[in-house]
Structure formats: structure tokens, C-alpha cells
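Scroll down for the structure; my scribbles are underneath it.
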Amino acid sequence: MAWVVWFTGLPGCGKTTIAQRVEAMLAKNGTSVKVLQLDEIRKAITPCPRYTDEEREIVYASLAYMAKLLSEAGVNVIVDATANRRRYRDFARSLIPKFGEVFIRAPLDVCVAREAKRKAAFSPKGIYKKAAMEGAAVPGVNVAYEEPLAPEIDVDTTALSAEQSARFIVNRIGELFA
Ligand SMILES: Nc1ncnc2c1ncn2[C@@H]1O[C@H](COP(=O)(O)OP(=O)(O)OP(=O)(O)O)[C@@H](O)[C@H]1O
Ligand SMILES: [Mg+2]
């Protein structure tokens with residue numbers, strides 16, 4: 001049985017940036033991992049996303065189920081997805097024996113600044129600008145972002161660089177799932 005870790009945190013906090021570094025560090029150690037990136041998977045599940053609560057329920061349940069199937073097949077998984085409600089992550093926890101939440105911690109103002117500056121191709125653009133539009137549902141602004149209450153891995157990205165955060169997470173994964 002392989003493990004699953006769910007990277008959660010506000011839009012722009014650094015989930016994808018750090019997940020990619022964790023994947024590369026683990027590969028160097030000979031540990032393979034599949035990253036499930038919600039922005040990619042959403043294109044298949046909901047090609048015209050509406051970001052409603054009802055839709056998020058389905059999308060996150062699907063993501064949790066994919067992670068469960070992969071872990072049963074012996075594939076370690078990083079889920080890279082905000083999952084703004086605790087219950088979305090709790091549902092994954094209920095399905096997966098070796099599960100951990102990774103809280104990529106950064107305050108909203110830092111996330112807004114990071115999101116405005118980021119350039120990487122994987123990064124969705126203008127999330128916080130869209131928060132001002134009618135009917136917007138941006139976690140942390142228009143809809144609640146429910147922080148993990150007891151994350152297995154808690155990373156303060158205002159104190160650590162992306163590289164240092166990734167190193168910390170790799171070490172904690174080793175401790176948790178050895
Ligand atoms: N300490 C840090 N840790 C992680 N990222 C950082 C840090 N400092 C600055 N950054 C920058 O913040 C940005 C984070 O963007 P990224 O796309 O990784 O966020 P995200 O959490 O995946 O957002 P989204 O939820 O929109 O997918 C990147 O441009 C990254 O270089
Ligand atoms: Mg991302």
C-alpha cells in the first residue's frame with residue numbers, strides 16, 4: 001500500500017512549485033510519485049468549470065478516489081489542490097490508509113502578491129483579480145478556506161524557501177510512512 005499526501009493551501013501559496021521540487025527530490029532518492037494536479041484533471045472532469053459547491057464536491061471526491069486507486073496499485077501520490085473545505089480532504093483520509101495533509105502555509109496578502117508575480121506555465125492567471133467579479137468563488141476571498149486542524153506536515157513558506165519547504169516535506173514523508 002503506497003501513501004498519499006494532499007498539498008492544501010490558498011491559491012498562489014506555492015503548492016505546485018513545492019510539489020514539483022518534492023517530486024524531483026524523491027526521484028533522486030529512488031522513490032517515484034504521481035502528482036495529481038487538479039487544474040489538469042479538472043479539464044477532464046468539468047471542462048466548463050463553474051466552481052460551485054456542488055461541483056467542487058464531485059471534483060474533490062473524484063480526485064480522492066483517483067488517489068485511492070493509485071495507492072492501492074502501489075503508486076505514491078501527491079494531490080496538488082486547494083480543497084478549500086475540510087470535508088473534501090477528510091473524505092480522502094477516510095478512503096486512504098496511508099494519508100497525510102500537507103499545509104502549505106502563507107497568509108492571504110502573501111498569496112495575492114505571489115499569484116500576481118508568478119510566471120510558470122502551470123500557473124492559472126489572475127485568480128485574485130477574478131475574485132472581484134460577480135459570482136466569483138475564490139477560496140480565501142469569496143468562499144471560505146478551511147485550514148487543516150492537525151496537518152501531518154505544516155510548512156511555513158514565509159520562513160522557508162520553496163527548496164527548503166520541499167526538503168522539509170521529503171524528510172517528514174520519510175518519517176511518516178517509513
Ligand atoms: N517560499 C515559497 N514557497 C513556494 N513558492 C514561493 C515561495 N516564495 C515565492 N514563491 C512563488 O510563489 C508562486 C506560487 O505559485 P504556485 O503556482 O506554486 O501556487 P499554487 O499554490 O500552486 O497556486 P494555485 O492554487 O493557483 O494552483 C511561485 O511563483 C513561487 O515561485
Ligand atoms: Mg497550483
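The values are calculated or read from the model by the stated rules, or taken from the named source; none is laboratory data. Because the structure is a prediction, the values reported are computed rather than measured. Backbone-built Cβ (ideal geometry, glycine too); neighbour counts: all protein chains shown.
Being touching a Cys at 6+ places or on another chain (Cβ under 9 Å), within 23 Å of Gln20 (Cβ to Cβ) and of a type in the set (A, V, I, L, M, F, W, C) holds for only one residue in Ala113, Ala106, Ala92, Ala67, and it is Ala106. Scanning segment 21-44 finds one or more residues that are among the aliphatic types (A, V, I, L, M), surrounded by 15 or more Cβ atoms within 10 Å (Cβ to Cβ), out of contact with any strand residue (DSSP E or B) (no Cβ under 9 Å at 6 or more places or on another chain) and not in a loop (DSSP other than H, G, I, E, B).
Within segment 88-112, the set of residues being farther than 30 Å from Trp3 by Cβ and free of Cβ contacts under 8 Å to residues at least 60 places away in the same chain comprises just one member, Asp109. Taken over segment 156-171, the criterion of being touching a strand residue (DSSP E or B) at 6+ places or on another chain (Cβ under 8 Å), buried (at least 17 other Cβ atoms within 10 Å of the Cβ) and either over 19 Å from Gly30 (Cα atoms) or in contact (Cβ under 8 Å) with a residue 40 or more places away in the chain (or both) is satisfied by Thr157, Ser165, Ile169.
I'd like to check something: does segment 58-72 contain any residue that is in a loop (DSSP other than H, G, I, E, B) and out of contact with any strand residue (DSSP E or B) (no Cβ under 7 Å at 6 or more places or on another chain)? No, that holds for no residue. For segment 73-98, a residue qualifies if it is of a type outside the set (Val, Ile, Thr) and either under 29 Å from Lys130 (Cβ atoms) or within 13 Å of the chain's Cα centre (by Cα) (or both), and the qualifying residues are Asp80, Ala81, Ala83, Asn84, Arg85, Arg86, Arg87, Tyr88, Arg89, Asp90, Phe91, Ala92. Could you tell me whether segment 123-135 includes any residue that is more than 24 Å from Thr52 (Cα to Cα) and either within 15 Å of ligand 2 (Cβ to nearest atom) or at pLDDT below 95 (or both)? No, there is no match, as no residue in segment 123-135 is more than 24 Å from Thr52 (Cα to Cα) and either within 15 Å of ligand 2 (Cβ to nearest atom) or at pLDDT below 95 (or both).
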